[in-house]
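Notes follow the structure.
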Amino acid sequence: MKTKIYPALTFLLSLLPFLCEAQTQLSVTSFQYAIQLFNPAYVGTEDHINVSLFNKTQWLNNSGSPSMQGISGHIPFSYERLGAGINLLKEETATIQSLYVNANASYKINFKNGRLSFGIRLGMLQRKENLNGLLVKDQNDVLLTNNNQLLPEVGGGFFYKQKNFYTGLSFVRSAGIYLETNARLKNYYHFIAGGSKKITERWTLIPALHVEYNGDFNQYAVLLVPVNYDDLFSVGVGYGTASVASFVATLNVDKVLGTTSNKYMLSYSYDQSFNKLNNYIGNTHELILTLKFIPSEKVDRILKRKVTVSPLFFD
């Protein structure tokens with residue numbers, strides 16, 4: 001039997017051993033602005049409605065390379081003790097498409113210096129294979145049958161936040177994207193931590209760490225070290241254990257436009273691989289647009305007391 005396939009698929013299949021070692025459930029470089037994707041306990045912790053739009057394109061040197069688009073939203077309610085949110089994400093890799101739809105709920109306990117929240121996740125993952133784009137010689141090859149699956153997705157975790165520090169631990173049982181005929185449910189464990197430290201009156205250091213572990217693969221970790229200028233913009237660099245260097249930047253659009261009723265933040269990330277596949281896979285671009293709908297009474301408090309309403313730190 002001889003089978004002829006497109007170059008992009010040939011390339012992806014040749015990378016299978018490396019993908020199995022490094023593929024994460026959801027790969028987001030600026031993870032500190034998308035914690036709700038990994039940890040259900042984060043939903044509702046920002047004390048206002050939060051909506052985020054995601055777009056990520058990986059390995060631009062190749063057609064059919066991995067990409068992700070999605071929308072996520074969460075909100076506090078019931079005296080800010082409870083939180084709820086929903087994530088809708090689509091990932092594509094060559095001939096495989098995965099659609100995540102999950103709902104998240106959290107309960108928060110206030111302490112003198114911080115807040116601890118617990119969360120759960122329930123959802124579904126639809127995984128489709130579309131092999132119609134392949135050029136094949138043997139149309140009866142049983143290995144070329146389209147395979148569609150509908151799989152459950154569950155998770156849980158906790159998230160603790162003070163004004164200048166946060167940390168969280170969570171797990172998600174999901175299938176993710178894999179180049180295999182039958183996707184299997186796997187446990188993903190996420191640890192996230194970060195903080196803020198004033199350097200000068202206007203500059204603040206805001207490092208963040210994300211560690212992911214799955215029993216089938218090696219653990220993956222990424223450290224970001226951005227600096228924020230007067231809550232207007234931030235720039236920084238990062239490094240991941242898969243030999244990937246990152247440049248990250250954010251802009252608080254509302255400050256540029258002079259608006260005060262809501263918060264609009266745009267985050268951009270650029271990843272460059274430095275491993276032996278660098279000449280083949282190319283670079284990666286990621287955009288996150290975050291909209292924060294803040295009640296007018298909180299806007300007045302922010303203006304009078306000059307407190308920040310960043311994604312993670314607020315008074």
- Item | residue 8 being more than 21 Å from residue 248 (Cα to Cα), surrounded by fewer than 19 Cβ atoms within 10 Å (Cβ to Cβ), of a type in the set (A, V, I, L, M) and at pLDDT below 85 | yes
- Message: Need the failing condition index for residue 223 against (1) modelled with pLDDT of 95 or more; (2) closer than 18 Å to residue 170 by Cβ; (3) not polar (S, T, N, Q), just the number.
- Response: (2)
- Item | Residue, surrounded by the fewest Cβ atoms within 10 Å (Cβ to Cβ), within the range 65-116, restricted to residues that are of a type in the set (Gly, Ala, Ser) and not in a strand (DSSP E or B) | 78
- Name every residue in the range 121-132 that is part of a strand (DSSP E or B) and surrounded by 16 or more Cβ atoms within 10 Å (Cβ to Cβ), in order of residue number. 121, 123, 125, 127, 129
- Query: All but one of (1) of a type outside the set (D, E, K, R); (2) surrounded by 17 or more Cβ atoms within 10 Å (Cβ to Cβ); (3) within 17 Å of the chain's Cα centre (by Cα); (4) modelled with pLDDT under 90 hold for residue 190; which doesn't?
  - Reply: (4)
- Message: Quick check on the range 166-181. Is at least one of its residues modelled with pLDDT of 90 or more and in a loop (DSSP other than H, G, I, E, B)?
- Response: no
- Within the range 36-50, identify whether any single residue is assigned to a strand (DSSP E or B), closer than 21 Å to residue 195 by Cα and at pLDDT 85 or above, and answer yes or no. yes
- Message: Just to check your reading of the model, which residue among 24, 29 is outside any helix (DSSP H, G or I), at pLDDT 85 or above and under 17 Å from the mean Cα position of the chain (by Cα)?
- Response: 29
- Quick one: in the range 51-64, which of the residues that are at pLDDT below 85 and small (Gly, Ala, Ser) is surrounded by the most Cβ atoms within 10 Å (Cβ to Cβ)? 64
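The values are calculated or read from the model by the stated rules, or taken from the named source; none is laboratory data. Remember, it's a predicted structure, so these values are computed and weren't measured experimentally. As a convention, Cβ positions derive from the backbone with ideal geometry for all residues, glycine included, and neighbour counts pool all protein chains shown.
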